[in-house]
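The values are calculated or read from the model by the stated rules, or taken from the named source; none is laboratory data. Here the structure is a predicted model, which means the values were calculated and not measured. Note: ideal-geometry Cβ built from the backbone for every residue, glycine included; neighbour counts use all protein chains shown.
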Number of protein chains: 2
Amino acid sequence: MSKNKQFVEKVTAMEDDFGQWYTDVVKQADLVDYGVVRGTMVIKPYGFALWENIRDELDHQIKATGHKNVSFPLLIPESLLQKEKDHVEGFSPEVAWVTHAGDEKLAERLVVRPTSEVLFCEYYSDNIHSYRDLPMLYNQWSNVVRWEKTTRPFLRSSEFHWQEGHTAHASHEEAAEETEKMLNVYADLCENYLAMPVIKGKKTEKEKFAGAEYTLTIESLMHDGRALQAGTSHHFGTGFAEVFDITYLDENGDRQFVHQTSWGVTTRLIGALIMVHGDNRGLIMPPKIAPTQVMIVPIAQHKEGVLDRAYDLKESLEDVVRVDIDASDNMPGWKFNESEMKGYPVRVEIGPRDIENEQVVLVRRDTGEKESVPFTQLNERIVELLGDVQQNLFDQAVAHREEMTSRVTSMDEFANVLSEKGGFIQAMWCGEETCEEDIREKTGATSRCIPFEQEQVSETCVSCGEAAKEMVYWARAY
Amino acid sequence: MSKNKQFVEKVTAMEDDFGQWYTDVVKQADLVDYGVVRGTMVIKPYGFALWENIRDELDHQIKATGHKNVSFPLLIPESLLQKEKDHVEGFSPEVAWVTHAGDEKLAERLVVRPTSEVLFCEYYSDNIHSYRDLPMLYNQWSNVVRWEKTTRPFLRSSEFHWQEGHTAHASHEEAAEETEKMLNVYADLCENYLAMPVIKGKKTEKEKFAGAEYTLTIESLMHDGRALQAGTSHHFGTGFAEVFDITYLDENGDRQFVHQTSWGVTTRLIGALIMVHGDNRGLIMPPKIAPTQVMIVPIAQHKEGVLDRAYDLKESLEDVVRVDIDASDNMPGWKFNESEMKGYPVRVEIGPRDIENEQVVLVRRDTGEKESVPFTQLNERIVELLGDVQQNLFDQAVAHREEMTSRVTSMDEFANVLSEKGGFIQAMWCGEETCEEDIREKTGATSRCIPFEQEQVSETCVSCGEAAKEMVYWARAY
């Protein structure tokens, strides 16, 4: 509990200025502070505890699917980064260069990793010899640096945390399975832990990762109707393997190139979480990854027995949930505000009258609903309630996304819907990059993905009117 | 299991060349590979799993003592690093400089953090206002870069992983308690988890951390008789607070400087672990932090029922230990060697005759002792055995250290013992840096620490013959 803040400042209403609302919330909920270097952030205890919960859950899934954690170096020689042409073109404009060590100029400049494909490739080239070495399923949790022009905490920062999986396989098909498997792991994390529905699909050629054969993505919709790419999984085919000479001897003794994938999610997920679930009173944490699931707020805590009883409840609740108590000398009203700003899923209020009646008052953060619950049923009811909150947050987000998803069949309609309502636009596309570019210029929307679940919105491309190839989700995006 | 290596290469005998033995072991036990950039390392799955176990245990202790994890940026502006004079002098020669981002030259050079004191200070200066904000107890797990001239995996690398705790307190005394508390947490980790005895003490002025009022340290002794600093904890007094203007209003409304500490341990601990417990057949992992505590090796696994039974045992053992099975088609002898190289604390051998007799053979890695154990008693016996291995490793290390610790009263004796035997030298010191320097020049030994547990070896300084102030542990060190 922060004891020194004597009041919680109001956040800007999201209807008035969504960007300012976001900045207010991340600051006032004590998630981050700005770093000294432009675009960097200090992730404070509450924000980092959230990241630890997301990370630990995902790490568990990554290991359960057979991957092993490793650690590769931070710095990459310029010559190594330049080996794969598309890849270096994609990242060069935004990398930080180390040129000196101590007083000495380095013989070769080093890049602070923006991603680590080339390092893993160099390693695989040395360490993969036979089909018996495959698949090689590695992952690392690390920090990367990308010098972004405009930055915002979690959403786009010069440095961020992520995990990057890098795998090598004997066949194109097996790598394709891996690419999809990890996309599904991400989708499961988003939907079942972050309570954030996602649309699974494939990126267009224009939007795919620099150097990939194709990129799969999960796309989510924020409260303001803008989309956010929540995670990507790339199939490299043999592209990197040919450049880095990563080969193996197959069972017949023939030399073959390996087929590779990479996949990652970042601290961006925290930004998404805020923008999907937050409201004008602050954060709302999905119970499954909330650092504190239940906050106990004693009422009239100076009265005899209140604090003792509150601590007893805490001790008992610790067996079933992540619980904390706000025993600071702030006023209850302040504590309620703070508890809403931090987004604790359930608040427990306990005062002298409650103790007399052998009960507490429970307040849900998502709906604001209150209920009285006898001491004897508290643990059971809280666990149940947390399940309800988790489910309700997901259902609300799905409902919001459905409300904010529009099917359009003409460019006029496209532009009108996007400017008046925003959200996801479902529209048919011929597959040509010129049309994709045309849509972006006329509406500001980019293609988010070609969804796995296709629907026939119309027969023709929304831009050129030629025969349509597939339905695409379009949106203005973070 | 690596399936492609058809034999385990022999390691150099430690008696012949300890340095080469170390390098052979870290490579052949699959802990690391060399990175592309000089002095960096790729930590491979087995090495990283070991680090994860050490990290998770220590993280648990750090949180249990009231600290919260945070994340501060990787890059530090030059002007910020230069604020504290001793600190910048200590680190400048070995920092990596970022001078450009994309195509543009930065207005100010940035340092890739060698340690993060100045960032935490800048944050504390903005975020500490009142005595109610104190103590502020932060920790971060991160990677740091120090451009070392000579490098060796884990022991001294251009980049390494560590945790750095940074705390701010209302009084000198409270900061002193914190400094000692965290040293004790480190000592507990080393002794009770890594089975590595340490000597607790204070660094001399000459050897203390750049910018600290004093530095506490734990010092351990390696197999070759050289010492290794395993962890340090620094009391900064108000030194940084005065430079960075970190003040708080006390209960009387008076403005006061905060008192700070910092403390850290690194991936160096892995190097220490290897050099304390390893032997000429490879690693020996202390059971408590071993990624795999028990390795099952099937004998004549092509015979009917052997593999099935081995997998049954594995499934049953999974309830109580971290267990794996080597069902590769390598020969049993190869598997035994591999199992010794990797240092699995206990090996379970099971073949057709064992199955007939309803038993297995257990082999301890530390002593090589074998015993037959009935299936019905296996789980219980293994848990017991792992406890024995853990204790024996610690006892052996203590015995080795005692054997390699000498008390000397003259410089001749000092030089002779050090060159003939090595190890820790206990000798009296007057407290003057000139004598410390004299000892280093004549013997190559540095002061390791002024131990908390003092013993009176003689009346006078071993170097100058003046009245002695305290007993110091000296050694050649990593």
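Looking at B:26, B:42, which one is touching a residue at least 24 places away in the same chain (Cβ under 8 Å), within 26 Å of the chain's Cα centre (by Cα) and crowded, with 19+ Cβ neighbours inside 10 Å?
B:26
Any residue that is within 26 Å of the chain's Cα centre (by Cα), crowded, with 19+ Cβ neighbours inside 10 Å and in contact (Cβ under 8 Å) with a residue 12 or more places away in the chain - is there at least one of those in the range B:325-334?
Scanning the range B:325-334, I find no residue that is within 26 Å of the chain's Cα centre (by Cα), crowded, with 19+ Cβ neighbours inside 10 Å and in contact (Cβ under 8 Å) with a residue 12 or more places away in the chain, so the answer is no.
So which residues in the range B:99-134 are at the interface with another protein chain (Cβ under 9 Å from one of its Cβ atoms), touching a strand residue (DSSP E or B) at 6+ places or on another chain (Cβ under 7 Å) and among the small types (Gly, Ala, Ser), if there are any at all?
B:101, B:130 - these are the residues of the range B:99-134 that are at the interface with another protein chain (Cβ under 9 Å from one of its Cβ atoms), touching a strand residue (DSSP E or B) at 6+ places or on another chain (Cβ under 7 Å) and among the small types (Gly, Ala, Ser).
What's the total number of residues in the range B:349-376 that are more than 30 Å from residue B:397 (Cα to Cα) and polar (S, T, N, Q)?
Residues in the range B:349-376 being more than 30 Å from residue B:397 (Cα to Cα) and polar (S, T, N, Q): 3 in total.
Rundown of residues vs (1) at pLDDT 95 or above; (2) of a type in the set (Ser, Thr, Tyr); (3) touching a Ser or Thr at 6+ places or on another chain (Cβ under 7 Å), yes/no style:
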residue: A:172; (1), (2), (3): yes, no, no
residue: A:185; (1), (2), (3): yes, no, yes
residue: A:215; (1), (2), (3): yes, yes, yes
residue: A:221; (1), (2), (3): yes, no, no
residue: A:229; (1), (2), (3): yes, no, yes
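I'd like to know if the range B:74-93 contains one or more residues that are facing chain A (nearest Cβ under 8 Å) and over 29 Å from residue A:47 (Cα atoms).
yes
Kindly indicate whether residue B:52 is assigned to a helix (DSSP H, G or I), within 11 Å of another protein chain (Cβ to nearest Cβ) and surrounded by fewer than 22 Cβ atoms within 10 Å (Cβ to Cβ).
Judged against the criteria, residue B:52 is a match.
When you check residue A:354 against the structure, is it under 19 Å from residue A:285 (Cα atoms) and touching a residue at least 24 places away in the same chain (Cβ under 8 Å), yes or no?
Against the criterion (under 19 Å from residue A:285 (Cα atoms) and touching a residue at least 24 places away in the same chain (Cβ under 8 Å)), residue A:354 does not qualify.
Could you check the range A:71-98 and list, in sequence order, the residues that are buried (at least 21 other Cβ atoms within 10 Å of the Cβ) and β-branched (Val, Ile, Thr)?
Matches in the range A:71-98: A:76, A:95, A:98.
Can you name every residue in the range A:194-231 that is closer than 13 Å to residue A:86 by Cβ and either touching a residue at least 40 places away in the same chain (Cβ under 8 Å) or of a type in the set (A, V, I, L, M, F, W, C) (or both)?
A:205, A:206, A:209, A:210, A:211, A:212
From (1) under 27 Å from residue B:282 (Cβ atoms); (2) outside any strand (DSSP E or B); (3) at the interface with another protein chain (Cβ under 7 Å from one of its Cβ atoms); (4) in contact with an Asp or Glu (Cβ under 7 Å, 6 or more places away or on another chain), pick out the condition that doesn't hold for residue B:46.
(3)
If you scan the range B:135-166, which residues turn out to be within 11 Å of chain A (Cβ to nearest Cβ), crowded, with 21+ Cβ neighbours inside 10 Å and assigned to a loop (DSSP other than H, G, I, E, B)?
Scanning the range B:135-166 gives B:146, B:147, B:157, B:158.
Can you find even one residue in the range A:87-102 that is part of a helix (DSSP H, G or I), in contact (Cβ under 8 Å) with a residue 40 or more places away in the chain and polar (S, T, N, Q)?
no
Return the total of residues in the range B:363-380 being within 30 Å of the chain's Cα centre (by Cα) and either crowded, with 16+ Cβ neighbours inside 10 Å or touching a residue at least 40 places away in the same chain (Cβ under 8 Å) (or both).
Of the residues in the range B:363-380, 4 are within 30 Å of the chain's Cα centre (by Cα) and either crowded, with 16+ Cβ neighbours inside 10 Å or touching a residue at least 40 places away in the same chain (Cβ under 8 Å) (or both).
Determine which member of the set A:431, A:444 is in contact with a Cys (Cβ under 9 Å, 6 or more places away or on another chain) and at positive phi.
Of A:431, A:444, the one residue that is in contact with a Cys (Cβ under 9 Å, 6 or more places away or on another chain) and at positive phi is A:431.
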